[in-house]
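Following: one structure in structure tokens, then a few remarks.
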Amino acid sequence: MKTNLLYKIEKEQHSKEEIRRILEENPNIKFVSLMGVDLGGNATDEKIPIKFFLDDIDDFLASAIQTDGSSVELYNIATLNNAKVDLMPDRNCRWYVDYNLEHIDEETGLPVGTLKIPAFLIHDNKKVCSRGILQKADKYFKESLMDIFRTYPHILEDLGIESVDDIEDIGLTSATELEFWVNTPEDKADLEKLYISQSLKEQYWKRTHGVIRTCLEESLIVLGNMGIEPEMAHKEVGGIPSSISIEGKTNHAMEQLEISWKFSTPLQAADNELIVRDVVEDIFTAHGLEVTFKAKPIEGVAGNGGHTHFGVSVTLKNGQRKNIFAPKDMKEDYLSILGYGALMGLLYNYEVINPFVTSSIDGFNRLVPGFEAPVCIVTSLGHSYEVPSRNRSVLVGLIRDMRNPKTLRFELRSPNPLSNKYLVIAACYQAMLDGIKAAAESGRGTKELEKELSKAPGEEGFYLETERAYRDEHDVFEFYELNERNKRFGNPPATVYENMKNIQKYSYKLKSLKQGNVFTDAIINSFRVGAIDKWQKKLKTRLIEQNIAVIRSLKKIHTPENMDAIDEVIWKSIDDMKYDLMKDTLTKESLFTRIRNAVDNRDYEEASNLQLEMKRKMNDIQQLYLKYKKNLY
């Protein structure tokens, strides 16, 4: 990769004179693309020739570019009779250059580049996109926090700040992590090898080799050039060792990797993740490898997480910076008053955050007990103030370093790489603010708030729900049986439909998202309608088609020469299960047909229940077939 490529244009360089100079000095940058992000998390990518951009740069930067609303996901907002949607460039963020490594400019010998400008989607003169919602959440959080400082002086005292007039600025910091699977094309997963390797943790943090090492290193270098500041890349728990062909090339690669990078502002953090995914996919693909960011690309082994971190600090006029979640003394408290409030807000309101976190069938495939995927609405603080928590079974982790209170933050462990991080981050800050307000208004100190967060089920609190527990220091999957877990922490949704139904079931919690008019009823309803529409279409077609392909691959392989009676008995059970799942008869409809009919009749409750039944039976038949194959010569 050449090092003389332009990778970014910082917000301080967005004057028309500076932009013109930069682009004229980099003639291999041939196009401009406005990157608006709809409610589904999809980024727009249109090619506008640089010449057209430079000829009309004043209007381009000052006004919106019209596009067709049918091309973006804005259900019930951009309708057929009101489909006009505009793209407005965001001049207050970093712009990136996206290079096509397969297209070399003849004059310069460099890859052809596209200047990607993050943008807002405008409809009826309102920002209706994911970036606009997160921008509004950031602004409202800061304004509300200043109001709290003015209204409740004991909050400032808890933080060791004498006066609200000493505060210069409030900074929200967020970061995401990216896990992904990479494999050589056409290779099929050997589930048993993958499962055993994962159980033995043979791949976790191991040294990368060959082309995968090259791709990972190239990705980190490019991300560094783009200003994203990668901090670490390593192998994750999933995968099996790759092999080398006689030509010395890597083949049969199937590995799980992770990349993390530095914190930034919420909007920049969400932009960064989209860019990181593009860079990783481009570089690995250029080397002949396939990459997937799906939450659960391979059933039965670890899925891909997209853990999301949240912090808030204030900068004082004397230059000092204070983490508002950190206590005065790390040896005397886990959190400050505001820290306890923020954590309680996340947990109390999670039923209406979760729809934005997990809105796909693939996302729910990852959220199963084990595999370090969180299911229960619960946190862990630690067994003592001096020993930070390392509990990876909880939904929200408290990250604290006794030596550095400034790094204290919360980690939401449920998102996956394809979760819409703009909406996830916005919803979480809104929920944290709801809890912060409640904690401040209560007048309670840190010990009382710790008691509230640590309450047992049935114990009444001033904010948290009476029948639930919200803190646990055990591995909640090993320590509790399923029924006890659900009783203590609530019954988690298992399908997209169940998750979207919680928006109505817990409608009284939506006030946390709607405060400051950050999430409106129109936005929430648009997201819900869109998620259900995609779910029912994928359930009826793609998911059933995938399962049909699996069933058809389960073939009878024993013969009279290599069989025992047990082989015939097991095969008969497999055959019966195949019929039950996909074969209609004159007297009985298959499970697949019942699902299709439920979707066609808009009986989504029934379709959701049948989806869970199908998932159980598909797992059963595949496990039984594995047992059948093992018993044959």
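Computed from the coordinates by the stated procedures, all read-outs in this text should not be read as laboratory data. Note that this is a predicted model, so its numbers are computed, not measured. Cβ: placed from backbone, ideal geometry, glycine included. Neighbour counts: every protein chain shown.
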Exercise for review: Would you mind giving the average projected area, over all directions, of the Cα convex hull of segment 35-167 in nm² with one decimal?
Suggested key: 13.1
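Taking K and R as +1 and D and E as -1, what net charge do the other residues with C-beta under 12 Å from the C-beta of Glu12 add up to? Let's see the in-between values first.
Details: positive: Lys8, Lys11, Arg91, Arg94; negative: Glu10, Glu18.
Spelling it out: positives minus negatives among the neighbours equals +2.
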Revision key, fill the gap. Inter-part gap, Cα centre of segment 595-616 to Cα centre of segment 150-186, in whole angstrom, is 42
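Show me the helices of the chain, taken as full DSSP H stretches, that run 15 Å or more along their long axis by Cα and average 1.0 or above in Kyte-Doolittle hydropathy. Walk me through the numbers before you get to the answer.
Details: long enough: 130-151 (31 Å, -0.58); 210-225 (23 Å, 0.88); 266-286 (30 Å, 0.29); 337-348 (16 Å, 1.63); 421-442 (31 Å, 0.63); 521-538 (25 Å, -0.46); 565-582 (26 Å, -0.07); 604-630 (39 Å, -1.29).
Helices meeting the criterion: 337-348.
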Practice item. For a quick protection proxy, order the peptides 418-426, 623-631 by their average other-Cβ count within 10 Å, most packed first. Key: 418-426, 623-631
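Could you quote the convex hull projected area for segment 372-476, Cα atoms only and averaged over all directions, in nm²?
Working: hull surface 30.1 nm².
Averaged projected area of segment 372-476's Cα convex hull equals 7.5 nm².
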Revision key, fill the gap. Cα-based Rg and Dmax for segment 91-137, in Å, come out at 15.9, 46
Review point. For the chain, what does the alpha-carbon gyration tensor say about shape, rounded, prolate or oblate, given a ≥ b ≥ c as the root eigenvalues, a/c under 1.5 as rounded, and a/b over b/c as prolate?
Key: oblate
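For a quick protection proxy, order the peptides 427-438, 8-19, 211-222 by their average other-Cβ count within 10 Å, most packed first. Mind dumping the intermediate values first?
Working: 427-438: 25.0, 8-19: 13.9, 211-222: 18.2.
In descending order of packing, they fall as 427-438, 211-222, 8-19.
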Practice item. Enumerate the residues in segment 614-633 having an amide nitrogen under 14 Å from the point lying 7 Å beyond the Cα of Val569 toward its Cβ. Key: 628
Review point. So for the pair Ser454, Asn483, with labels modelled 7 Å out along Cα→Cβ, what separation do we get in nm?
Key: 3.0
Practice item. List the GluC sites (Glu not before Pro) within segment 548-613 that fall in a DSSP loop (any state other than H, G, I, E or B) and whose Cβ has at most 14 other Cβ atoms within 10 Å. Key: Glu561, Glu589
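Taking the Cβ-Cβ separation of Arg21 and Ala62 as r and a Förster radius of 22 Å, what is the calculated FRET efficiency to the nearest 0.05?
Numbers: r = 19 Å, r/R0 = 0.86.
The pair Arg21/Ala62 has a calculated efficiency of 0.70.
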**Study point:** Fraction of the pair-distance distribution of segment 534-630 above 23 Å, Cα-Cα pairs, percent
**Key:** 32
Revision key, fill the gap. Simple SL model, points at 7 angstrom along Cα→Cβ for Lys406 and Arg150; separation in nm is 2.9
Practice item. Return the Cα extents of segment 274-316 along principal axes one, two and three, sorted largest first, each rounded to a whole Å. Key: 51, 29, 11
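For segment 133-519, what proportion of DSSP beta bridges, expressed in % and rounded to the nearest 5, is antiparallel? Write down the numbers at each step before the final one.
Details: 40 of 43 bridges.
In segment 133-519, approximately 95 percent of DSSP beta bridges are antiparallel ones.
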Review point. Each label point is 7 Å from the Cα along the Cα-to-Cβ direction; what then is the distance between the points at Glu229 and Asp55, in nm?
Key: 4.1
Exercise for review: Mind checking the full-extension length gain between Lys126 and Thr315? Use 0.36 nm per residue of separation minus the Cα-Cα distance, one decimal, nm.
Suggested key: 64.9 nm
**Study point:** Of Pro327, Leu289, Tyr75, farthest towards positive along the dipole that unit charges on Lys, Arg, Asp, Glu beta carbons give the chain
**Key:** Tyr75
Revision key, fill the gap. Rounded to whole angstrom, the alpha-carbon centroid of segment 547-588 lies from that of segment 310-339 at a distance of 62
**Study point:** Dipole magnitude of segment 133-519 about its Cα centre (Cβ charges: Lys, Arg +1; Asp, Glu -1), debye to nearest 20
**Key:** 440
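For segment 320-437, what is the convex hull (Cα atoms) projected area averaged across all directions, in square nanometres?
Working: hull surface 31.0 nm².
That works out to 7.8 nm², a quarter of the Cα hull's surface.
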**Study point:** the chain, helix-only ellipticity at 222 nm - DSSP H runs n ≥ 4, -39,500 (n - 2.57), divided by all residues, nearest 500
**Key:** -13000 deg cm²/dmol
Review point. Along the charge dipole of the chain, which of Val182, Leu398, Ile48 sits closest to the positive end, that is, farthest toward it, with unit charges on the beta carbon of Lys, Arg, Asp and Glu (+1, +1, -1, -1)?
Key: Leu398
